[in-house]
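Asker: This is the structure I have questions about; it appears just below.
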Amino acid sequence: MEKKELLTVKGLEVVFESRFNQIDVLKGVDFSLKENETVGLVGVNGSGKSTFALSLMGLLPRNAKIVNGSININGSDMIINEFEKDSYNRKRHRILVNEGIEKLRGRFITMVTQEAASYLDPLLTVGYQIFESVLFHNKERLIKRIDSREKVDKGALLNYVKLLNSKDYKIADKFLDGNFDEYIREQILNITRRDDLTDEDKKNLILALGRAKLSSVQRFVLSHKGVASRIPGLRYILNQLILEEGYQLAGEILGLMGLDPTILHMFPNQLSGGMLQAVLIASAIVNNPRIIIMDEPASSLDPIAQYKLFNLLSKIKATFNLSLILVAHDISLLTRFADRIAVIEDGAIVEVGDTSSVINNSSNEYTKRLIKSVINI
Amino acid sequence: MRIAAYNLKKTYESGGAAFGHKVRSINDISLKIREGQIVSLVGENGSGKTTLGLILSLLLRPDSGQIFFDVPDWVINRYEIALLKKDLDSMRELGKDYSALNKSKLGLMDIRKKIGVLFQDVASSVDPRQTVYDIIKEPMVVSKYTDEQIHNRMNELKNDVGIDDDILHRYPHELSDGQKQKIGIARALATNPIFLFLDEPTSNLDPINQRIILDILKKINSKTRASMLITTHNIALANYIAGDIMVMFKGETEEKGPTKEVINNPQHPYTKELTSVAARKANYDILYYERPYNSDVKGCVYHRMCPVSFEICGWTIDEVYLDLKKSFGPLDLPNFKLKIEKGKILLYGVNKDQLVKMINLYKNKIRSFYAIKDIKQEDEHLSIELFDYKEVQMHKVGNAEVKCHLFEEDVSTLF
Amino acid sequence: MSLSHYIIKRLIIAVPTLIGITLFIFLLYYIIGGLHSNFLVAYGSWLSSLFSGKSQIVNTNVYKGSISSAIALFLPNTLMLSIFAAVLIWFIGTYLGVFSARHKDSAADLTIKAASFYLYAAPIFIVAIVLIILFGVYLKILPFSGEINPLLMVGIAWFSDGISYPTHILLIDALIHGNFVIAWNAFLSLILPALSLALAFIAGVIIMLRNSMISVLNQNFITGARGKGLSERYIVRRHALRNAIFQPATFFAYTISGLLSGEVVIETIFNYPGMGYFLTQSLINNQLVAVLDSVLIFGIIFVSATILLDIFYAVIDPRVRF
């Protein structure tokens, strides 16, 4: 079955303008990404990889301009060829469609950058910053999750756990699909997929889903959202509920990644680089995107943290059906991980193909040099 | 002996003046580097390797400890004998005459000429308003080189480091990463130092440039016999360039010795982790990230992340308490309560079988459970008693030294 | 160290500061005013009078009575004026500062910048007089004195001898007693003094906030937030403003002394019955004790402002605490 193409880039040209001259950073890049595939983009520093990643997200700095080419994400063209007004009411030629990209950004396509520490707001907890992604794109989901827990059938949960006990997983899955709505299903799956808990713990947590803990005020606020959002006191209660649910969801994601949810209430300066990187990844996956761009996610980490990171990536790739674009300067990192590799030199793609053929059978001098230079034990 | 350092300690105040707590950056580190030797400090961010390097380059004063720079071997021998015999008077006297920490301002300037430093982020360690030529020239000017000497030295550097003429009149922000590192090296070498400290010289570079820089360093080392101290978090890099290696973790030396021996036959669990990750075949699953506790670590600093830690490694009652809380907490058991009283942990709402089952199930992941010595069932609760931990020593293993409880004499075979 | 610990520490440090301020004034009086008794004894007796509860009598041309009742009368008015000014500074300052930063280099931005520089540099009494002429004389919309038309106050029970009860602040007392006409007039007569006082600081806040915002908006975490698809408005409010507020807040806390001295000038120009007015009257009439007490009050206000700033920092910025 032909895999759908999610992202197509043709002839992308980007220039950086400084006061005296103009530098061509991307000189006509072609690139494609299909469903469920991981493509690595490798090149030396300065070859244009990060610029490419930022272009896809519409996050180029102000002194950068797209001067030619097209970017098509999920069927929509992201670059328009006319004068348009941006959010500052100034005319710009060829900008990314702002509303289009803003709907997709953070939901369909997300990005994880290097150096997590400087990409997080130092004044807010990391849990809040994960929650923000959901708040903006899908607040409803949080409300529905709380709702579904209030209304879930305790008997059904008990039966499901009994089926798990009997180890009859096929029937258990069918039962899951037939008896629970998608929100409970998601919460149950987020528990069963964790591998840092025993089966006993998982069953207890599943049963705990049915133990409603909302007060009557909270229940009122939840079922009369329209009214509640207009009265200040009630609105506060509603927002608190949503916030807590956001932390809960973020905790589930962290649990899936094998991390301790208590870090959610900490601030960026209290956590190590590896954990902050994990937080960035969590905020990238929380909205179930289809594409994640990783811009050298491991280069600021020591090898052990790098190793943990890549383990994590394999795990979420499998769990979430993602397509990944991995930008790196170390080609050996991509060997285990990428289906295809694109090699970029000086703003242009010089080679692209399946990982094994690029690594083992490349005829390109630059690629061969990249492969040979990696220092191994 | 080029550099000999003994029992260096340094602590920082972190968290601002009002709320600060002390962070032990370096805890009791000793190190010796001969002429022509390349030593690599390997460790993650926060292990203290940068601080140690800065102290050895005499850019940072240690809180305590001794440093000798470029002194005859007999001074070192005498000092070490005095150290073993705890002869404080001799130590003080030798320090008075030879210590690098005691020098007058002129003496210090003299020493500084012989030390070159390459910082991790070259871009922020150079004056952005100076041209490359001026940047490299500056140390020579400070050391009062004549114009002819400057001219000759510049030519030498251009050849050794591989700098093209047209770069000399550019500004730092116009250069590529690889070129910036070369400038940094040239500046560090300007006054022909006999000791170089390079702080993660290639961490920001792609593999091609990495190899170029490391090869330059190797060439310089063989040409000038300068000693080098290179910090890195990549043990493969240490393997490529260094003759000797010192593995650091949170301010302590965990293992040190000849590179080949340490990498081919690692003894310390942390070293094993580093080498298997670098060889891309980890032998065990590194399952969790370290939980950020706020208290001081007791015993061996690595014990919380060590996959083979056991009861004497440093588990305290607080750590076991937190782990029990984390294990039983999410289960939402009725009557569950956890307390610490009179040096024992009291556990309510759980019977002995449940606890033993939990311990056996999780023991391999939650190593703090190894510290549980005894569980007594009292009327309403379980009373848990722990083993005492021991402080950790350095042990000699072959040509290397390892700081690990596994090498204590009376450790029973637990594995 | 916990938050309460920190606050107590700061409060303890505040005491020597206050002693220093009052000692200095005392010294000035001693040298210039030619007091004859023993310096330390005199200072000591003043200090003890603070604690004894007996208040000294002050005798100026316009007011005769105990100091403590004087303070009870004048301080609330000063606080009212300062708070009003602070509200203006906060809202106008932050709004224009953010606006200026987001529309960098536009015509509006340049105008705001220019106006801010002028207003910051101009002496406060000139600004006050210009405003009086503009709004009070030409446009005739605002009353230009701190006093209300006395005819309005005839026969009102809670207003006797020119003093309103219970809070002594006309605006609030009028609201308490439900007399909205008087309240409205009181409000109007507060606008010009508060505005004259606030303008220079609004300008300062705008300048600082603008610079701070511009540099914050260039930081990586703003790009990260945009990468999550958050709207620009939300980013400015939730991320940028919070991070950018430290500079203007520090500026504000440390220029509180300017605000207080500006008060004195403004109260004189507008004939406003506040602490500044009391202080000048006491000075003119050589009432040392009243002067010292007033200075002490001002000192307390200033020191509280800096303590509040430190607490603000500690609460908002986790990097201070952890």
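Asker: Quick one: what do you get for segment B:333-415 if you divide its Cα Rg by 2.2 N^0.38 Å?
Answerer: Normalised Rg, Cα atoms only: 1.43.
Asker: Return the single residue from B:Ser47, B:Ser227, B:Ser124 with maximal mean-square fluctuation; model: Gaussian network over chain B, springs between Cα atoms under 10 Å.
Answerer: B:Ser124
Asker: To continue, here is another question. Using only the Cα atoms of segment A:321-377, what do you get for the radius of gyration and for Dmax, in Å?
Answerer: 11.2, 34
Asker: Whole number please: convex hull volume per residue of the Cα set in segment A:90-228, in Å³?
Answerer: Once divided by residue count, the hull of segment A:90-228 is 214 Å³.
Asker: Here's a follow-up. If you count, for every residue in A:296-306, the Cβ atoms of partner chains within 10 Å of its Cβ, what is the mean?
Answerer: If you average over the peptide's residues, the count of other-chain Cβ atoms is 6.
Asker: Ratio of Rg to Rh for segment C:190-322, alpha carbon only, Kirkwood?
Answerer: 1.13
Asker: If you rank C:Ile235, C:Ile129 by fewest surrounding Cβ atoms within 10 Å, what's the result?
Answerer: The fewest-first ordering by Cβ neighbours comes to C:Ile129, C:Ile235.
Asker: Greater than 18 Å separation of Cα atoms is the criterion. Which listed pairs, B:Lys32/B:Lys103; A:Lys144/A:Lys225; B:Lys9/B:Lys49, meet it?
Answerer: The pairs that break the limit, which is 18 Å between Cα atoms, are B:Lys32/B:Lys103.
Asker: Let's test this: bin the Cα-Cα distances of segment C:239-316 at 5 Å from zero up to the farthest pair and state each bin's percent.
Answerer: 3, 15, 19, 19, 14, 11, 9, 6, 3, 1, 0
Asker: In addition: Test of understanding: express the Cα radius of gyration of segment A:169-221 as a ratio to 2.2 N^0.38 Å, with N the residue count.
Answerer: Taking N as the residue count of segment A:169-221, the ratio is 1.34.
Asker: Counting Lys and Arg as +1 and Asp and Glu as -1, what is the net charge of the other residues whose Cβ lies under 14 Å from the Cβ of C:Leu96?
Answerer: Counting the neighbours of C:Leu96, the net charge comes to +3.
Asker: Return the inverse of the average 1/r over all pairs of distinct C-alpha atoms in segment B:24-167, which is the Kirkwood hydrodynamic radius, in Å to one decimal.
Answerer: Kirkwood hydrodynamic radius for segment B:24-167: 18.1 Å.
Asker: Using Cα pairs closer than 8 Å and at least 6 residues apart in sequence, work out the relative contact order for chain A, in percent.
Answerer: Relative contact order, chain A: 26 percent.
Asker: Enter the Cα centre distance for the pair segment A:27-77 and segment A:193-262, rounded to the nearest angstrom.
Answerer: 37 Å
Asker: Please state, to two decimals, what the Cα-based radius of gyration of segment A:2-88 comes to when divided by 2.2 N^0.38 Å (N = residues).
Answerer: 1.16
Asker: On a C-alpha basis, how far is the centre of segment A:299-338 from the centre of segment C:191-244 in Å? Whole number, if you could?
Answerer: 37 Å
Asker: Taking all pairs of distinct Cα atoms, average 1/r, flip it, and tell me the Kirkwood hydrodynamic radius of segment B:186-248 in Å to one decimal place.
Answerer: Evaluated over segment B:186-248, this radius sits at 12.2 Å.
Asker: Determine which aspartates and glutamates satisfy two conditions relative to A:Lys167: a Cα distance under 18 Å, and not lying fewer than 8 residues away in the same chain.
Answerer: Cα-Cα hits under 18 Å: A:Asp177, A:Asp195, A:Asp199, A:Glu200, A:Asp201.
Asker: What value, in deg cm²/dmol to 500, does the helix sum -39500 (n - 2.57) over DSSP H runs of n ≥ 4 give at 222 nm once divided by the residues of chain C?
Answerer: When only DSSP H runs of four or more count, the value is -23000 deg cm²/dmol.
Asker: What number comes out for the charge environment of A:Gly106, summing +1 per Lys or Arg and -1 per Asp or Glu over other residues with Cβ under 10 Å away?
Answerer: Every neighbour counted, the sum reads +3.
Asker: Computed over the Cα atoms of chain A, what is the ratio Rg over Rh, Rh following Kirkwood?
Answerer: On the Cα set of chain A, Rg over Rh gives 1.01.
Asker: On to the next question. Taking the Cα centre of segment A:296-377 as origin, work out the dipole magnitude from +1 charges on Lys and Arg Cβ and -1 charges on Asp and Glu Cβ, in debye rounded to 20.
Answerer: 340 debye
Asker: Using the Cβ atoms and a cut-off under 12 Å, what net charge is assigned to the surroundings of B:Asp206, where Lys and Arg are +1 and Asp and Glu are -1?
Answerer: -1
Asker: Other chains near A:112-118: what is the mean number of their Cβ atoms within 10 Å of each residue's Cβ?
Answerer: 3
Asker: Relative contact order of chain B: what whole-number percent is it, with Cα pairs under 8 angstrom and at least 6 residues apart?
Answerer: For chain B, the relative contact order is 16 percent.
Asker: Please rank B:His381, A:His329, fewest neighbouring Cβ atoms within 10 Å first, as an exposure proxy.
Answerer: Listed from fewest to most nearby Cβ atoms, that is B:His381, A:His329.
Asker: Can you tell me the equivalent ellipsoid semi-axes for segment A:248-377? Use √(5λ) from the Cα gyration tensor, largest first, whole Å.
Answerer: Taking √(5λ) for each Cα gyration eigenvalue gives 31, 16, 12 Å.
Asker: Kirkwood Rh over Cα pairs of chain C into Stokes-Einstein at 10 °C, 1.306 mPa s: D in µm²/s?
Answerer: The calculation lands on 71 µm²/s.
Asker: Give me P(r) over the protein assembly as shown, computed from all C-alpha to C-alpha distances, binned every 20 Å, as integer percentages.
Answerer: 9, 31, 34, 21, 4, 0
Asker: Moving on to the next point. From the C-alpha gyration tensor of segment A:204-250, pull out the three semi-axes of the equivalent ellipsoid (sqrt of 5λ each), sorted largest to smallest, in whole Å.
Answerer: Ellipsoid half-lengths, sorted descending, are 23, 12, 7 Å.
Asker: Please state, as a whole number in µm²/s, the translational diffusion coefficient that the Stokes-Einstein equation yields for segment B:370-409 at 25 °C and 0.890 mPa s, with Rh defined as the Kirkwood radius across alpha carbon pairs.
Answerer: 191 µm²/s
Asker: Could you line up A:Arg145, A:Arg62, B:Arg211, B:Arg170 from fewest to most neighbouring Cβ atoms inside 10 Å?
Answerer: Arranged by neighbour count, lowest to highest, A:Arg145, A:Arg62, B:Arg211, B:Arg170 become A:Arg62, B:Arg170, B:Arg211, A:Arg145.
Asker: Take segment B:39-100, compute every pairwise Cα distance, and split them into 10 Å bins from 0; I just need the percent in each bin.
Answerer: 19, 42, 31, 8
Asker: Just for the Cα atoms in chain B, what are the lengths along the principal axes, largest first, rounded to whole Å?
Answerer: The Cα atoms of chain B stretch 90, 52, 47 Å along the principal axes, largest first.
Bear in mind that the values in this text are calculations on the coordinates, not laboratory data. These figures come from a predicted structure and were not determined experimentally. Heads up, the Cβs are rebuilt from the backbone with ideal geometry, glycines too, and the neighbour counts pull from every protein chain shown.
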